[in-house]
Each structure stands twice: as structure tokens, then as C-alpha cells.
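Beneath this line is the structure, given in C-alpha cells, with notes to follow.
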Amino acid sequence: DGRAVITAEEHLRAFLSRRPDHYEARRMLAAVLLSQHRFEDAIREANKTMAADPRDAWNYGAAGDGYMELGDYARAFDAFDRMGELQPGPASYARTSYALEITGDLDGALDYMRRAAEGTSPNDPESQAWHYAQLGDLLLQRGRLPQARIEYERADATFPGHPMAVTGLARIKMADGDLKAARLMLQAQLARTATPDLASAVGDLSAAIGELSMADQYYQMAEQIERAAWGNGLRQPQVLARILSERPGRA
């Protein structure tokens with residue numbers, strides 16, 4: 001629901017209009033902007049808080065996340081390295097894992113994601129589940145399906161219904177050739193959290209099964225969900241462009 005991050009930004013902007021130098025609020029603004037996929041704005045805010053406190057590792061993580069999404073890997077890797085120097089731990093390990101994955105070092109990525117998972121507090125089960133699901137994704141890329149299944153199941157047991165655990169288990173079903181079971185799982189997740197990617201995935205599975213009319217309905221749903229998000233202020237032209245380019249004839 002894109003309205004949540006829009007509301008978060010409104011509250012932060014209102015607060016900062018009264019206290020423009022409040023460090024914690026401006027620091028949080030970078031994270032909110034990242035959630036909106038406004039990466040250049042997020043980097044700009046992270047750089048401001050970085051200048052205010054160059055020893056705060058969070059700022060380098062936020063800036064690095066923005067650079068990664070913009071494809072500026074050199075700056076992203078430098079930011080992640082600095083974050084790791086300042087504060088080694090799950091947050092920096094996970095980012096290092098992502099950087100290694102981008103460069104094709106899947107074994108290194110697995111090693112660092114395991115460190116991140118092992119270092120995450122059991123008092124934060126949602127973060128634990130996220131790390132387990134990431135491990136599942138990396139193992140799936142390596143073709144290690146049984147181990148990937150274990151990590152996705154662990155994620156789901158740690159934080160029941162975690163969307164990345166559900167989609168990961170659906171991918172295992174696809175790899176097993178059980179497309180209908182995978183579609184049922186994604187349909188259930190779509191009912192809980194409607195996103196364009198989920199709707200498109202259900203459409204793709206329906207097309208693979210041969211149910212083209214249903215596939216078309218879900219492709220249209222993907223576009224409708226994205227257009228509705230624009231109405232809420234969360235504009236992601238790259239997402240809508242991808243949906244339209246992959247589904248010719250939609251207008």
C-alpha cells in the first residue's frame with residue numbers, strides 16, 4: 001500500500017518544517033524516500049545526514065542503496081564498504097551480500113547473507129525471515145532446491161505469511177513443475193497484498209497453464225494496481241513502462 005510511505009513523508013516534512021535540523025527525522029526521511037523509489041532524493045538526504053555525522057553507518061547504507069538502484073555500483077560498493085568499516089553487522093553484511101551477488105560471486109553472497117541471518121536478533125523475527133528468504137533466493141540461483149526450500153520454510157515459520165517466504169515457496173513449486181499449486185499460493189498472497197509484480201506473476205503462470213483469458217485478467221490487474229498507486233502519489237514510471245512494454249496493446 002503506497003499510501004503508507006506517502007503519509008510517512010508528509011509527517012516527516014511537517015516536523016522538519018518546524019525543526020529543519022532534527023537529525024533523526026532527516027535520517028529517517030532518506031529511508032522513506034528509498035521506499036518510494038525516489039533514489040536520487042534519498043541519496044541527497046543521506047548525504048546531508050552523512051555530512052552532519054560522518055560516523056553514522058546508517059547514512060552510508062541509505063546512500064549505497066540508492067546508488068545500487070540507479071546502477072552506480074562503484075559508489076554503492078564504496079558506501080557499503082564504509083558502512084561495514086563503521087558498523088559491522090547484519091545490515092552491512094546483507095548489503096555486502098547484495099553487492100557480491102551483483103558481481104556474480106554467489107558463494108560470497110551466500111556467506112555474507114548467512115552472517116547477516118546469524119547476527120539478526122530473534123527479537124526481530126521479521127528481519128530474520130527476510131534474511132532466510134534472501135538465502136533461499138541465492139540457493140535457488142545456485143540450483144540447490146532442497147536447501148532453498150528449507151530456508152523459505154524457515155522464513156515462513158519465523159514470520160508466518162512473510163511475502164518473500166510465500167513467493168519463494170511458490171518458486172519452488174514452479175521448479176517442481178507444480179504450476180497450479182504455485183499459482184494458488186501467489187493468488188492468496190495477492191489477495192493479502194496487491195502488487196503489480198504478483199498480479200503479473202499469476203498472469204504468467206496462468207498463461208503457462210494455458211488459461212489465456214485468466215492470464216489477460218491478471219495482466220490488466222497489474223496495470224490497474226500500478227495506475228492506482230500513481231493516484232496515491234507513488235509514481236514509478238519505470239514500473240508502468242515495463243508493464244506496458246511487456247503487455248502490448250494496453251493503454
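Every number here is computed from the coordinates shown, using simple stated rules; none is lab data. Values in this document were obtained by computation on a predicted structure and should not be read as measured data. Ideal geometry is used to build each Cβ from the backbone, glycine not excepted, and the neighbour counts take in all protein chains shown.
Which parts of the stretch 169-200 would a label at Ala208 reach, counting a residue when its backbone N lies under 12 Å from a point 7 Å out along Cα-to-Cβ? Correct set: 170-184, 186.
Across the stretch 28-56, the residues whose backbone nitrogen lies under 13 Å from the label position 7 Å along the beta-carbon direction of Leu70 are 34, 38-48. Mean-square fluctuations from a GNM of the chain, with a 10 angstrom spring cutoff on Cα atoms, peak among Gly108, Gly136, Gly66 at Gly108.
Between beta-carbons, use under 14 Å as the cut-off and find the net charge around Pro90, counting Lys and Arg +1, Asp and Glu -1. Let's see the in-between values first.
Values: positive: Arg95, Arg114, Arg115; negative: Asp111, Glu118, Asp124, Glu126.
Taking every Cβ under 14 Å from that of Pro90, the sum is -1.
Once both labels are positioned 7 Å from their Cα atoms along Cα-to-Cβ, the gap between Arg142 and Asp124 label points is 2.4 nm.
Treating the beta-carbon of each Lys and Arg as +1 and of each Asp and Glu as -1, no other charges, what is the dipole magnitude of the stretch 144-209 about its Cα centre, to the nearest 20 debye?
For the stretch 144-209, the charge dipole is close to 60 debye.
Projecting the Cα atoms of Gly108, Gly61, Ile172 onto the charge dipole of the stretch 39-178, computed from C-beta unit charges around the Cα centre, puts Ile172 farthest toward the positive end.
Note on Arg18 and Lys48: their simple-model spin labels are 1.8 nm apart, each label 7 Å out from Cα toward Cβ.
Against the chain, whose longest principal axis is taken from its Cα atoms, helix 73-86 shows a tilt of about 60°.
Multiplying each eigenvalue of the alpha-carbon gyration tensor of the chain by 5 and taking the square root yields semi-axes of 32, 25, 16 Å, largest first, rounded to whole angstroms.
How big is D for the stretch 40-131, in µm² s⁻¹ as a whole number, if Stokes-Einstein is applied with the Kirkwood radius of its Cα pairs at 20 °C and 1.002 mPa s? Provide the component values of the computation, followed by the final result.
Numbers: Rh = 13.3 Å.
This corresponds to a translational diffusion coefficient of 161 µm²/s.
Counting only Cβ charges, +1 for Lys and Arg and -1 for Asp and Glu, the dipole size of the chain around its Cα centre is about 440 debye. Mean-square fluctuations from a GNM of the chain, with a 10 angstrom spring cutoff on Cα atoms, peak among Leu29, Leu198, Leu212 at Leu212.
Could you size up the charge dipole of the stretch 1-135 around its Cα centre, putting +1 on the beta carbon of Lys and Arg and -1 on that of Asp and Glu, and report it in debye to the nearest 20? If you can, show how the numbers build up before the last one.
Working: 15 positive and 23 negative charges, 104 e Å.
Rounded to the nearest 20 debye, it is 500 debye.
Only Cα pairs under 8 Å and 6+ residues apart enter the sum, and on that basis the relative contact order of the chain stands at 12 percent.
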